[in-house]
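Taking it in order: structure first as C-alpha cells, then the write-up.
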Amino acid sequence: MEASEALESLRERLAPDPRITLWELAVEGEALTGVAAAAFADDLAPFAAEHGLTVRVHYPEPAARQVRRGRVRLRATPTAGAETVTEAIYGEAVEAFETSGEYQRVALARDGYLGWLPSSALAEQLPEPNHRFGRLRGHAYAGPSVRARPVFELSFGAALAVEEQVDQWCQVRFGNDETAFVKAAVLAPLEQASTQPDRPNLTRFALRFLEAPYRWGGVTAWGLDCSGLTQTVFGAFGLQLPRDSDQQAGAGREIAVDELLPGDLLFFPGHVAIALGDDRLLHASAHHLRVAVDTFSDNAFGELLQRSLTGVRRLL
C-alpha cells in the first residue's frame with residue numbers, strides 16, 4: 001500500500017471529525033506534512049517510520065483568547081469570502097492556533113468547532129464580565145442614548161463588564177480603552193439564577209426567535225441556521241449541544257415518535273427542529289428563509305417533513 005493510501009486508511013481508523021479536530025495531513029515526496037492535533041503524534045510517528053517518511057507535521061499549541069467583536073464569522077479557510085462555518089459572539093472563549101495572513105485558526109470553547117477568524121477579532125483577555133445581555137439581539141451605543149452611534153451588535157448571552165449605571169444606562173468596558181453604553185433593562189447580573197430548563201420555558205424561549213432570518217452558519221437572532229437555533233436555545237438553559245445537526249443527533253436519548261413532547265428534538269436528513277406539541281415544530285428553515293413554525297399535516301411541506309423524519313431525541 002502506498003503511503004498516501006495508508007495515511008487515508010489511518011485517518012479512517014482514527015476517524016477525526018475535521019469540524020472539531022485538527023487533521024490536515026498529506027504525503028509529499030518522502031515527508032509527512034501538514035498540521036494536526038498533538039493527540040495524534042503518537043500515531044503519526046510510527047506511521048511515518050513504517051513508510052520511511054520524515055515527519056514535518058506542525059502540532060500547534062493552543063493559546064487562550066476571547067472574542068472582542070460583537071459578532072464574528074468563523075470561515076472554512078483564511079479568506080474573507082470563504083464559507084461561514086459558525087459564529088462567535090463577544091466574550092466567547094476560544095483556543096487560538098496558527099496564523100495565516102490576517103486570520104487565525106481557532107476552536108470555540110463551547111463546542112470545539114474549528115474555523116478561521118480575523119486576528120483583530122481576538123483579545124488575550126477582556127475585562128471581567130459581571131452581566132449578560134438578555135435580549136435576542138441589540139446594540140451597544142457610543143453614548144447613553146438610542147440616538148448615539150451603535151458600536152457593537154450584541155446577541156443573547158454576551159458576557160459584559162458593567163462599570164457603572166447612570167439612570168437607565170450602563171457603561172460597559174469592552175477593552176482597555178473602549179467603552180460603550182447599554183440599556184440597564186436588557187442586562188442581568190451573572191450571578192442571577194438562570195431559568196430552569198423545563199419544557200414550557202424552553203419552548204417559550206425558542207418561539208422568541210420566530211421570523212429571525214435564516215443564515216447558513218449563524219447562531220444568533222441576527223441570522224441562524226437550523227442547528228444554530230437548537231444549540232442557542234438549549235444552551236440558554238445550560239444544555240450544551242454540538243454545533244451541527246448530525247452531531248446533535250447523538251445527544252440525549254432516542255425516543256419513539258409516539259412519545260414526542262414539546263422540547264424534544266426532531267431530526268431529518270441534514271436538518272433539526274424543536275417539537276412544540278400538537279403536531280407543530282419550530283425550525284430555522286432554508287425553505288422559508290426564516291425561523292418558522294410548521295405543522296406535519298397542514299400542507300405539502302409539512303407532510304414532506306413528516307415522511308423524512310429520521311429520529312427524535314430527548315434532552316429534558
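The values are calculated or read from the model by the stated rules, or taken from the named source; none is laboratory data. Keep in mind that this is a model prediction, so the values were computed, not measured. No Cβ is skipped: glycine too gets one built from the backbone with ideal geometry, and neighbour counts run over all protein chains shown. In case anyone asks, the SASA skips ligands and DNA or RNA and just uses the protein heavy atoms, side chains included. Shrake-Rupley method; radii C 1.70, N 1.55, O 1.52, S 1.80 Å.
For the structure I just gave you, tell me whether ALA292 is out of contact with any helix residue (DSSP H, G or I) (no Cβ under 9 Å at 6 or more places or on another chain), in a strand (DSSP E or B) and within 26 Å of PHE133 (Cβ to Cβ). Talk me through it step by step, then tell me what you get.
Details: out of contact with any helix residue (DSSP H, G or I) (no Cβ under 9 Å at 6 or more places or on another chain): yes; in a strand (DSSP E or B): yes; within 26 Å of PHE133 (Cβ to Cβ): yes.
The answer is yes for ALA292.
Which condition breaks for ASP264 when tested against (1) touching a Leu at 6+ places or on another chain (Cβ under 7 Å); (2) touching a residue at least 24 places away in the same chain (Cβ under 8 Å)?
Checking ASP264 against (1) touching a Leu at 6+ places or on another chain (Cβ under 7 Å); (2) touching a residue at least 24 places away in the same chain (Cβ under 8 Å), the one that fails is (1).
Please state which one of VAL162, VAL166 is at pLDDT below 95 and either out of contact with any Asp or Glu (no Cβ under 8 Å at 6 or more places or on another chain) or over 25 Å from THR230 (Cβ atoms) (or both). Full working, then the answer.
Numbers: VAL162 fails: at pLDDT below 95.
The unique qualifying residue is VAL166.
Of all the residues that make up the range 133-168, how many are touching a Lys or Arg at 6+ places or on another chain (Cβ under 9 Å), assigned to a strand (DSSP E or B) and open to solvent by less than 30 Å² (accessible area, probe 1.4 Å)?
The number of residues fulfilling the criteria is 8.
Here is a list: GLY263, GLY228, GLY238, GLY218. Which entry is surrounded by 21 or more Cβ atoms within 10 Å (Cβ to Cβ), more than 15 Å from ALA88 (Cα to Cα) and not aliphatic (A, V, I, L, M)? Outline the logic, then answer.
Details: GLY228 fails: more than 15 Å from ALA88 (Cα to Cα); GLY238 fails: surrounded by 21 or more Cβ atoms within 10 Å (Cβ to Cβ); GLY218 fails: more than 15 Å from ALA88 (Cα to Cα).
Unique residue meeting the criteria: GLY263.
Are there any strands (runs of 3 or more DSSP E) wholly within the range 25-110 with 3 or more residues that are hydrophobic (A, V, I, L, M, F, W, C) and open to solvent by less than 40 Å² (accessible area, probe 1.4 Å), and if so which? Spell out the reasoning first.
Working: elements: 31-36, 54-58, 63-67, 71-75, 84-89, 93-100, 103-108.
Strands (runs of 3 or more DSSP E) meeting the threshold: 31-36, 84-89, 93-100, 103-108.
If ALA185 meets every condition in (1) part of a helix (DSSP H, G or I); (2) of a type in the set (A, V, I, L, M); (3) over 30 Å from GLU163 (Cα atoms) apart from one, which number is that one?
The one condition ALA185 does not meet is (3).
How many of the residues making up the range 198-214 are open to solvent by less than 50 Å² (accessible area, probe 1.4 Å) and more than 15 Å from ALA273 (Cα to Cα)?
The qualifying residues number 1.
Out of ARG75, ARG65, ARG71, ARG13, which single residue is touching a strand residue (DSSP E or B) at 6+ places or on another chain (Cβ under 6 Å) and at pLDDT below 95?
Details: ARG75 fails: at pLDDT below 95; ARG65 fails: at pLDDT below 95; ARG13 fails: touching a strand residue (DSSP E or B) at 6+ places or on another chain (Cβ under 6 Å).
Matching residue, one of ARG75, ARG65, ARG71, ARG13: ARG71.
Do we have any residue at all in the range 119-132 that's more than 30 Å from PRO16 (Cα to Cα), assigned to a strand (DSSP E or B) and open to solvent by 20 Å² or more (accessible area, probe 1.4 Å)?
yes
Within the range 172-195, is even one residue in contact with a helix residue (DSSP H, G or I) (Cβ under 8 Å, 6 or more places away or on another chain), open to solvent by 40 Å² or more (accessible area, probe 1.4 Å) and either touching a residue at least 40 places away in the same chain (Cβ under 8 Å) or farther than 22 Å from ALA88 by Cα (or both)?
Within the range 172-195, the subset in contact with a helix residue (DSSP H, G or I) (Cβ under 8 Å, 6 or more places away or on another chain) is 195.
Imposing the further condition that a residue be open to solvent by 40 Å² or more (accessible area, probe 1.4 Å) reduces the set to 195.
Then keep just the ones that are either touching a residue at least 40 places away in the same chain (Cβ under 8 Å) or farther than 22 Å from ALA88 by Cα (or both); that gives 195.
Looking for residues that are in contact with a helix residue (DSSP H, G or I) (Cβ under 8 Å, 6 or more places away or on another chain), open to solvent by 40 Å² or more (accessible area, probe 1.4 Å) and either touching a residue at least 40 places away in the same chain (Cβ under 8 Å) or farther than 22 Å from ALA88 by Cα (or both), one finds at least one in the range 172-195, hence yes.
Can you tell which of VAL293, VAL257 is of a type in the set (A, V, I, L, M), more than 23 Å from the chain's Cα centre (by Cα) and open to solvent by 10 Å² or more (accessible area, probe 1.4 Å)?
Working: VAL293 fails: more than 23 Å from the chain's Cα centre (by Cα).
Going through VAL293, VAL257 in turn, just one is of a type in the set (A, V, I, L, M), more than 23 Å from the chain's Cα centre (by Cα) and open to solvent by 10 Å² or more (accessible area, probe 1.4 Å): VAL257.
From LEU276, LEU266, which residue is assigned to a strand (DSSP E or B), within 22 Å of the chain's Cα centre (by Cα) and closer than 19 Å to LEU207 by Cβ? Spell out the reasoning first.
On the way: LEU276 fails: within 22 Å of the chain's Cα centre (by Cα).
Criteria check complete, one pass: LEU266.
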